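The values are calculated or read from the model by the stated rules, or taken from the named source; none is laboratory data. On a predicted model such as this, the values are computed, not experimentally measured, just so you know. Quick reminder, even Gly has a Cβ in these numbers, built from the backbone with ideal geometry, and neighbours come from all protein chains shown.
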Amino acid sequence: MPTKTPVKKTVKKVAKKVTWDEIQAGFKELHELHKKTEKSQDEAWKAIRETQKNVGGLNNTLGSMVEHILTPNLPQKFKKFGYSFTRLASYSYTAGVWAQIDGMLENGEQAVAVEVKTTLRKADIDEHLVRMEKIRKYADEHGDKRQFMGAMAATITDESTREYALRNGLFVIEPSGENVKVTRPMEEPRIW
């Protein structure tokens, strides 16, 4: 005997009539959700900007630490190369020539502009070579006849980048054990 399968009865549902007030209430609710989403996005962007600011501050702090590690006693370090520098200062040149210098070893006749980096890259060296041209231009415009030389100081330097700086006539300053080592360029230091 064949088994009978029960047949499901389908009931047609009648679409609910929506009033104009209900449509307006729906739009109002949607508008409120949109405002909450915008507020959440604004708060998220504010948090991102704050994080970037904090990271930027950390980078500045790290940069200051690197400067303090690498630049003390530099005048004495350069004595072994026959230079007698009496001071180490930092500058920002303006008046149409912008160049910030992390450290400038100076005496009356010569100066070495020291650029300090955490990790030394070839692009940093190229930028410093351009900076040296700006320093020379500024000096010429202001009657400064000193000879300018350049140096790169970094806590992390790979061999090819170090050689690139030295080939371009720059001194290289880097940590060496508990001390700081200054390496003279391969040829004579480049003079600007």
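Worth a mention:
- Checked against (1) loosely packed, with under 12 Cβ neighbours inside 10 Å; (2) within 19 Å of residue 78 (Cα to Cα); (3) in the same structural domain as residue 78 (by TED's automatic domain parsing); (4) of a type outside the set (S, T, N, Q), residue 145 meets all criteria but (2).
- All helices (runs of 4 or more DSSP H) inside segment 73-179 with 2 or more residues being of a type in the set (S, T, N, Q): 159-167
- Residue 180 among the β-branched types (Val, Ile, Thr), surrounded by 17 or more Cβ atoms within 10 Å (Cβ to Cβ), under 18 Å from residue 82 (Cβ atoms) and in contact with a strand residue (DSSP E or B) (Cβ under 9 Å, 6 or more places away or on another chain): no
- Residue 173 vs. criteria in contact with a strand residue (DSSP E or B) (Cβ under 7 Å, 6 or more places away or on another chain), over 25 Å from residue 82 (Cα atoms) and not charged (D, E, K, R): no
- Some residue of segment 117-129 being closer than 17 Å to residue 88 by Cβ and hydrophobic (A, V, I, L, M, F, W, C): no
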